[in-house]
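Every number here is computed from the coordinates shown, using simple stated rules; none is lab data. Just so it is clear, the model here is predicted, and its values are computed rather than measured. Here Cβ is always computed from backbone atoms with ideal geometry, including for glycine, and neighbour counts include all displayed protein chains.
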Amino acid sequence: MYPQLEIDLAKLRYNAKQVVDRCRRCGIDVCGVVKAYWSDPIAAKTYLDAGAKQLGTSRLSQIRKLKEAGLETEYILLRVPQMCELDEVAELADYSLESDLEVMKALNRACEKLDKVHNVIVMADLGDLREGFWDKDEMVDACVFVDRSLHNLHLAGIGVNLGCYGAIQPTPEKMTDLIAIARRIEERIGRPLEIISGGATSTFSLVHWDTIPAGINHVRVGEGVCLAYDLPYVWGIKDMDYLYADAFTLRAQVLEVRTKASYPHGKFCIDAFGDVPVFEDRGMRKRALLGIGRADAGAVEKLRPRMKGVEVLGGSSDHLILDVENCEKQLKPGDVLEFDICYANIVNLTISPDVEKVYKDGE
């Protein structure tokens, strides 16, 4: 049935091994981030097969699902927790990223009720403007307080996120800043921190270039394994061809093929999503309509057709519209086209109940 998302487990496992081994040579452990494909247990296991230290995701329901599937490892909650879910954090997660002292005090009380010690990684904001302490003196003082006063929390380390909101690039200088904060904390608490987590897939670029400073010993990598698209193709890192960029394949079926005007006729209003689209008048063009839309794939404009001469024009909730004027094949209803996907697509595709998931493991 279509639409269909094929997951090539052998390619995922290979990508994960490449990332884990290259990080290991730099003294860096990898947390395998599995939230992009909604923590599918079968796909997530490839990270463990490759030697990832932990699995990480942003939602507690996904940690529960992975545990129920029998994946035994340490779990990191990647989104700083809400006050309303601290009991569950204490129950399910081994580590959590934290950015607020009052939340950590409340988490300590939740852990005390369960007679558990929970590991926290306190986040610094080094310019990306998402989570984390902006004032570094405040951060150091908060970490010291956690270490000395919150006995059901263990200050495992500190971390940073870069690139996800503010699009700030990880650099050796940013990593050096993080290490400097860690050293200040270590001096105050009188012991080394186990984890200095330098970021996500974008930070793997520094591992690739061998420019990551000694002292960073942990990264959290997701997109760089499951899609391996951003660094080689968006960033333009040409010698990262040791990673497969086609571990996920989207297939969708053609519903209609007709030659139509390329510019809509009539008075404009808004589209189904409240936007005013912009069109280019290219005359009469052959178009194909496919049985997948924004409700399934999210940002359909980011889908990348594998067949030459096929161009994505856009879509509605339930339909994808392609320009196939220069397509290398004469398409007809019932034909199936394949697409590469990006991060924005995979999140939607993997949670859609109407997209069939199939697995491939080797040739």
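Taking the Cα centre of segment 91-237 as origin and assigning +1 to Lys and Arg Cβ atoms and -1 to Asp and Glu Cβ atoms, the resulting dipole is close to 220 debye. Straight-line reach from LYS105: taking Cα to Cα under 18 Å and skipping same-chain neighbours fewer than 8 places apart, the lysines in range are LYS113, LYS116.
Looking at segment 234-299, which trypsin sites (Lys or Arg not before Pro) are DSSP coil and have at most 12 other C-beta atoms within 10 Å of their C-beta? Sites meeting the loop and neighbour criteria: LYS238, LYS267, ARG282.
Using a 7 Å offset from Cα along Cα-Cβ at LYS260, what residues in segment 285-313 end up with backbone N under 14 Å from the label point? So the set is 285-292, 313.
Rounded to the nearest 10 degrees, the angle from helix 101-113 to the longest Cα principal axis of the chain is 80 degrees.
Take peptides 15-27, 54-66 and line them up by average Cβ neighbours within 10 Å, highest first, as a rough protection proxy.
Result, highest mean Cβ count within 10 Å first: 54-66, 15-27.
Using the Cα gyration tensor of segment 165-249, with a ≥ b ≥ c the square roots of its eigenvalues, what is the shape: rounded (a/c below 1.5), prolate (a/b larger than b/c) or oblate (neither)? Prolate, since a/c reaches 1.5 and a/b exceeds b/c.
When Rg and Dmax of the Cα atoms in Å is computed from the coordinates, the matching label among (i) 50.0, 164; (ii) 44.7, 128; (iii) 23.0, 73 is (iii). Listed by chain and number, the aspartates and glutamates whose C-alpha is less than 15 Å from the C-alpha of LYS332, apart from same-chain residues fewer than 8 away, are GLU256, ASP323.
Taking the centroid of alpha carbons for each part, segment 211-256 and segment 8-54 are 12 Å apart. Only sites in a loop by DSSP and with at most 15 other Cβ atoms within 10 Å count here; which GluC sites (Glu not before Pro) in segment 168-242 make the cut? Answer by residue number: GLU194. A straight Cα-to-Cα reach below 17 Å connects LYS174 with the lysines LYS136, residues fewer than 8 places away in its own chain not being considered. Each residue, SER317 and VAL234, gets one label point 7 Å from its Cα in the Cβ direction; the gap between the two is 2.8 nm. Charged neighbours of ASP49, selected by a Cβ distance under 10 Å, balance to +3 (K, R count +1; D, E count -1).
Ranked by the mean number of other Cβ atoms within 10 Å per residue, highest first, peptides 163-171, 326-334, 95-103 order as 95-103, 163-171, 326-334. Per residue of the chain, the DSSP helices (runs of n ≥ 4 H) give a summed -39500 (n - 2.57) that works out to -9000 deg cm²/dmol at 222 nm.
Please compare each pair in LYS238/LYS308; LYS45/LYS67; LYS11/LYS360 to a cut-off of 18 Å on the Cα-Cα distance and tell me which ones are over it. Exceeds cut-off: LYS238/LYS308.
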